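First comes the structure, then the notes that go with it.
The values are calculated or read from the model by the stated rules, or taken from the named source; none is laboratory data. Model, not experiment: these values are computed from the prediction. For neighbour counting, all protein chains shown are included, and Cβ atoms are generated from backbone atoms with ideal geometry for every residue, glycine included. For the accessible areas, the whole protein counts, side chains as well, though only heavy atoms, and no ligand, DNA or RNA atoms are used. Shrake-Rupley method; radii C 1.70, N 1.55, O 1.52, S 1.80 Å.
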Amino acid sequence: MIRLLQFTDTHLMADPAASLRGVRTQASLEACLAHARRRHLPADVVAVTGDLVQDDPEGYGSLELLFDDLGAPVLLIPGNHDIPAELERRLSHAPFQVGGTRVVGRWAIVMLATWFAGSEDGEGRLGPDELQRLEAALAAHRNRHVLVCLHHQPIPMEAAGLDALGLQDADPFLAVIDRHPQVRAVAWGHAHQALDVLRGAVRFMCTPSTCMQFKPRDPGFVIDDRPPGYRVLDLHDDGGIATEVAWLEGYRQ
Ligand SMILES: [Fe+2]
């Protein structure tokens, strides 16, 4: 078995006291990491699935300091609020890895970038190159179980506002997933809420943000009263998955 911790939508900024919709993002991330140290570490691998910073490259410095000493490789992908060139320039050294595929035990973790230059409102797109990279990774890892991570939701979340800002090329993405039965799960962030559903035999999971959450199944962008959170995934050698969202119940700033 391997253990993967997923953190997402950390929205860090240069000013450690800066807040997003009323939540100081660095403080809430620090609380999530402290919670993880007490309850869920050590882990074999950590994934941080986009919106690492809030349009501010200085936030990558804070991310580096906070994730540097978890004792596990830290896989990163950009979200719509990231600056991919800055992300790669600042965090392409161990224990960090931007994008790509990471083999851990019987599993391959495929990290996909959905950031694209023309996004106006925060929607995402894989594009032909990233879809091809997914195909190639799945062809190369036929005999492993696969977890695919991306920032944008590839399935509707029954929330009109958010769904308009999902993955624009979800259909070809899902077609690739459907052709490769070794894909066990798909995990994302972006929607700042928890979801865990089966699509066929594949587990599809949204993980809440380490800062503020949106109310599930609301057509607008209503702030939920749920606390910061992250996801624990125990990925078993037979392809089975045990997962839970770790919510920081009672967290206040
Ligand atoms: Fe996002």
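Key figures for this structure:
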quantity: Accessible surface of the range 173-246, 1.4 Å probe, proportion on carbon and sulfur as whole %; calculated: 52 percent
quantity: The range 162-221, relative contact order [Cα under 8 Å, separation at least 6], %; calculated: 29 percent
quantity: Signed unit charges on C-beta, dipole axis of the range 141-244, positive-most listed residue P219, L235, W188; calculated: L235
quantity: Translational D in µm²/s for the range 1-145 (Stokes-Einstein at 20 °C, 1.002 mPa s, Kirkwood Rh from C-alpha pairs); calculated: 135 µm²/s
quantity: Positive dipole terminus of the range 1-43, leading residue within A27, F7, H40 (C-beta point charges); calculated: H40
quantity: Inter-label distance, nm, simple model (7 Å from Cα along the C-beta direction), M1/R252; calculated: 3.6 nm
quantity: Centre separation in Å (Cα based) which lies between the range 208-250 and the range 1-55; calculated: 12 Å
quantity: Nearest-0.05 FRET efficiency for H93 and I223, computed from C-beta distance (R0 35 Å); calculated: 0.45
quantity: Relative contact order of the chain, pairs being alpha-carbon contacts under 8 Å that are 6 or more residues apart, as %; calculated: 21 percent
quantity: Relative contact order of the range 183-253, pairs being alpha-carbon contacts under 8 Å that are 6 or more residues apart, as %; calculated: 23 percent
quantity: Stokes-Einstein diffusion coefficient of the chain, Kirkwood radius over Cα pairs, 37 °C, 0.692 mPa s, in µm²/s; calculated: 184 µm²/s
quantity: Cβ-derived FRET efficiency at R0 41 Å, D238 paired with E86, nearest 0.05; calculated: 0.55
quantity: Protein accessible area in the range 1-158, 1.4 Å probe - carbon and sulfur %; calculated: 48 percent
quantity: Local electrostatic count, P227, Cβ distance below 10 Å [Lys/Arg +1, Asp/Glu -1]; calculated: -1
quantity: Positive dipole terminus of the range 44-171, leading residue within F116, A160, A136 (C-beta point charges); calculated: A136
quantity: Surrounding net charge for R106, when Lys and Arg each add one and Asp and Glu each subtract one, Cβ distance under 15 Å; calculated: +1
quantity: Highest-first arrangement of 127-140, 156-169, where packing means the average Cβ count within 10 Å; calculated: 156-169, 127-140
quantity: Globularity ratio of the range 1-86, using Cα Rg and 2.2 N^0.38 Å; calculated: 1.05
quantity: Solvent accessible area, Å² - I83, 1.4 Å probe, full protein context; calculated: 50 Å²
quantity: Environment charge at R203 (Cβ cut-off 15 Å; Lys +1, Arg +1, Asp -1, Glu -1); calculated: -2
quantity: Over the range 59-183: Rg over Rh, Cα atoms, Kirkwood Rh; calculated: 0.97
quantity: Of every Cα-Cα pair in the range 36-88, the percent that sits beyond 12 Å; calculated: 66 percent
quantity: Accessible area of M1 in the full protein assembly, 1.4 Å probe (Å², nearest 10); calculated: 110 Å²
